[in-house]
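Written out below as structure tokens is the structure these notes cover.
Read-outs: derived from the displayed coordinates by stated rules, not from any lab. Everything numeric here is computed off the predicted structure, so don't read it as measured data. Using ideal geometry, Cβ is built from the backbone for each residue, glycine included, and neighbour counts are taken over all protein chains shown.
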Ligand SMILES: Cc1cc2nc3c(=O)[nH]c(=O)nc-3n(C[C@H](O)[C@H](O)[C@H](O)COP(=O)(O)O)c2cc1C
């Protein structure tokens, strides 16, 4: 594919899009689909056709529109009217209204902080483009970042841009992305790999799934740019098999990208070649851990191994391997198009850019959000989330899933940054945020996560295999009011052992939910203890 | 590509073995494609039985013990078929848990006298829990056969199951 062709195709699509008087966007990401948005989509398509409006009005399936708790969501453009809880019965009225004024009873105001305070880089295209058509991605400058990298920049210039952006890994730990790319680029080997980690096993997290469902090409572009920068020719996307729609859209996108020649051999008439294959997980949380993930791609049990050597030195089949999270890679095209300096102006100094969160639990406006780093936790809960329903009081905010902690009201004014969250015993994590109100029991939450870790422990190292089971037993004993004060001491000691002696991140972080609830909600534990 | 292993014929003339063969061929019969192959067996046959594992072992040149190790490691794979007329999956992810998923689960366990991961004695209902179905915005979520019930509560789920079972009778 020639560079000019890319621009031409993009231009054609932009012109074509202008012919429509109305474009009705129906959310067809998993959230709204489970509220039967597919039926709404079919009904809208039929209604528009039956009324003979299909020359001026297009009904389009798009990715996530964000406010999942109000699904199915439908947006009418260019007016931008957002409709919530749309049912098949509402369709005739909705189509009829195109000629008049909006259907008031279904309108979801976009004037609320939920929409106004978000900043979208990763989700810029979600809800706007049809994820199944590569042309629409091209029309929003898709693959321009790759074009620029391959035709105008050297690999080290690409890496400098990423370093300059300050981007840090969105998979949980926040390792500087530019530094990781540098290590892989420097490794001396004729074969290197790029892996996109789309295992997203954290219960309550669906950021990566929605990115893949809403804008699969940005991941492909991000991976290809990464491949160019570090000198890899083969990429793998490891997706959990529980995400059938994401897998389908990803495979479709890969085929389109190959056909167009934006991946494959001689990309943009250069010597650079890059190929991507999809690998499916099979339901194991631990396979999100990078060394376990690599073992799984190699067709083995997903057992982690000690690091070093890090995958950047010896990863897939012993070769230098760059492994990045979906959201990390989704930021790359925009960084290339707009420059690392631009990215660094967003967010805070140590945590640049934005973060996508799956905001759920006892909150009025739940869904998929993207906010600038540094926004206060309070804003996320009370502005974006619109506070707690049923006039109940806020109790805690859980971040980082089974590896994270529960943050109480007193710490809500802290900025959302990697370091600050670590200070209060939680982690940024991959982006699941669960809000709990006064009716939630913190002991129950701690037990919930411990049972999860016990179930998901791969069994290779003793502290994790036996420790999580013992911790879960102790927590059950406490929850059921059968524990003594000595049990609480034992619980804390055991947390310490598991945290410091487990082989991988799963065991090392499994005690976090217990430790953080003990730190901030100790009285709840004490209330359960027999004196 | 492996060339040193003689191809053995599939265990039976069931046409589904062709799907399995296609998967292995696509990856050049490389042992790395073990998980992909197990996926296609699970999808085509519903479980991984001894016969299937022996066949894959011989074809890919992977020891049976290793296949068994992989098959039992991953939650998705099952060695025995799950035979039930209807499947009810209760999401027990964090959001659903906070919003009452556990209550729904125990109500169903009680009403239909079945435990999660098991099938009722009469074989009508298989009850399963899921880690997270990712529809957290609509929690709690229950999937009945192909139908997703969002913002579910114990009454409407039980009622729906009873309807479905009654429909069969
Ligand atoms: C138990 C465990 C589970 C993990 N799960 C995921 C996951 O689902 N997705 C992910 O991107 N990273 C996950 N990670 C982190 C990865 O090991 C790795 O750090 C990450 O993919 C690196 O990408 P990044 O630098 O872009 O964040 C997990 C780590 C541990 C210890």
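Have a look at the stretch A:256-393 and give its Rg and Dmax from the Cα atoms, expressed in angstrom.
Gyration radius and largest Cα-Cα distance of the stretch A:256-393: 20.0, 62 Å.
Out of all DSSP beta bridges in the protein assembly as shown, what portion is antiparallel? Express it as a percent rounded to 5.
Counting DSSP beta bridges with both partners in the protein assembly as shown, the antiparallel share is about 50 percent.
Counting pairs of alpha carbon atoms under 8 Å apart in space and at least six apart in sequence, what relative contact order in percent does the stretch A:58-130 give?
Averaging sequence separation for qualifying contacts and normalising by length gives 39 percent for the stretch A:58-130.
Hull surface divided by four, with the convex hull built on the Cα atoms of the stretch A:117-218: how many nm²?
It is 8.6 nm².
Residue by residue through A:297-308, how many Cβ atoms from other chains fall within 10 Å of the Cβ on average?
4
What's the FRET efficiency of residue A:349 with residue A:179 using the Cβ-Cβ distance as r and R₀ = 22 Å, to the nearest 0.05?
0.85
Residue separation times 0.36 nm, minus the C-alpha to C-alpha distance between residue A:11 and residue A:466: what's the value?
Roughly 157.8 nm would be gained on extension.
Which whole-number value in Å³ per residue fits the convex hull of the alpha carbons of the stretch A:284-336?
Cα convex hull per residue, to the nearest whole number: 88 Å³.
Quick one: work out the % antiparallel among DSSP beta bridges in chain B, nearest 5.
Within chain B, antiparallel bridges account for around 55 percent of the total.
Taking one equal scatterer on every alpha-carbon of the stretch A:235-285, how large is log10 of I(q)/I(0) by Debye at q = 0.24 1/Å?
Scattering profile of the stretch A:235-285, log10 relative to I(0): -0.86.
Output needed: percent of Cα pairs per 10 Å distance bin for the stretch A:382-422, bins running from 0 to the one holding the longest distance.
Calculated P(r), rounded to whole percents: 24, 55, 20, 1.
How high is the relative contact order of the stretch B:86-168, in percent, with contacts defined as C-alpha pairs under 8 Å that are six or more residues apart?
Here the relative contact order equals 35 percent.
How large is Rg/Rh for the stretch A:354-437, to two decimals, with Cα atoms and a Kirkwood Rh?
For the stretch A:354-437, the value is 0.91.
Once you average over the residues of A:251-264, how many Cβ atoms of partner chains fall within 10 Å of each Cβ?
Across A:251-264, the average partner-chain Cβ count within 10 Å equals 0.
Bins of 10 Å, beginning at zero and ending with the bin holding the largest distance: percent of Cα pairs per bin for the stretch A:4-112, please.
Pairs per bin, as whole percents: 15, 46, 29, 9, 1.
Counting pairs of Cα atoms in the protein assembly as shown, how many percent are more than 38 Å apart?
Across the protein assembly as shown, Cα pairs with separations above 38 Å total 37 percent.
Hey, what did chain B get for relative contact order, percent, Cα under 8 Å, at least 6 apart?
17 percent
Can you work out the base-10 log of I(q)/I(0) for the stretch A:216-331 at q = 0.10, 0.14, 0.17, 0.23 1/Å, using the Debye formula on its C-alpha atoms alone?
So the normalised log intensities work out to -0.30, -0.59, -0.87, -1.40.
Counting only helical runs of four or more DSSP H residues, what would the 222 nm mean residue ellipticity of the protein assembly as shown come to if each run contributes -39,500 (n - 2.57) and the total is spread over all its residues?
Value at 222 nm, helices only: -12500 deg cm²/dmol.
Compute the long axis of helix B:34-45 from its Cα atoms, compare it with the longest principal axis of the Cα atoms of chain B, and write down the angle in degrees, 0 to 90, nearest 10.
Value to nearest ten degrees: 60.
P(r) tail for the stretch B:86-168, what percent of Cα pairs lie past 16 Å?
43 percent
When all C-alpha to C-alpha distances in the stretch A:400-494 are sorted into bins of 10 Å, what percent of pairs does each bin hold, rounded to whole numbers?
In order of increasing distance, the bins hold 14, 40, 36, 10, 0 percent.
If the chain between residue A:160 and residue A:342 were fully stretched, how many nm would it gain, using 0.36 nm times the residue separation less the Cα-Cα distance?
Here the segment from residue A:160 to residue A:342 would lengthen by 64.2 nm.
State the three equivalent ellipsoid semi-axes of chain B, derived from the C-alpha gyration tensor as the square roots of 5 times its eigenvalues, in descending order and whole Å.
38, 17, 13
Using R₀ = 35 Å, calculate the FRET efficiency as 1/(1 + (r/R₀)^6) where r is the Cβ-Cβ separation of residue A:88 and residue B:13; round to 0.05.
Efficiency computed from Cβ-Cβ geometry: 0.15.
What is the average number of partner chain Cβ atoms found within 10 Å of a Cβ in A:26-32?
Going residue by residue through A:26-32 and averaging, the value is 3.
Quick one: if you stick a label point 7 Å off each Cα along the C-beta vector at residue A:116 and residue A:529, how many nm between them?
For the pair residue A:116/residue A:529, the computed spacing is 4.7 nm.
Run the Debye formula on the Cα coordinates of the stretch A:440-531, all scatterers equal and no solvent, and tell me log10 I(q)/I(0) at q = 0.10, 0.17, 0.20, 0.22 1/Å.
-0.21, -0.61, -0.84, -1.00
Two-decimal Rg/Rh of the stretch B:1-97 from alpha-carbon positions, Kirkwood Rh?
Reported Rg/Rh, Kirkwood definition of Rh: 1.05.
Treat the count of other C-beta atoms within 10 Å as a stand-in for reagent exposure and order A:343, A:206, B:73 from fewest to most.
Least to most surrounded, the residues fall as B:73, A:343, A:206.
Measure nothing fancy, just the Cα-based angle from helix B:154-168's long axis to the longest principal axis of chain B, in degrees from 0 to 90, nearest 10.
Around 60 degrees separate the two axes.
Assuming a viscosity of 0.692 mPa s and a temperature of 37 °C, what translational diffusion coefficient in µm² per second does Stokes-Einstein assign to the stretch A:141-344, Rh being the Kirkwood radius over Cα pairs?
Diffusion coefficient, whole number: 198 µm²/s.
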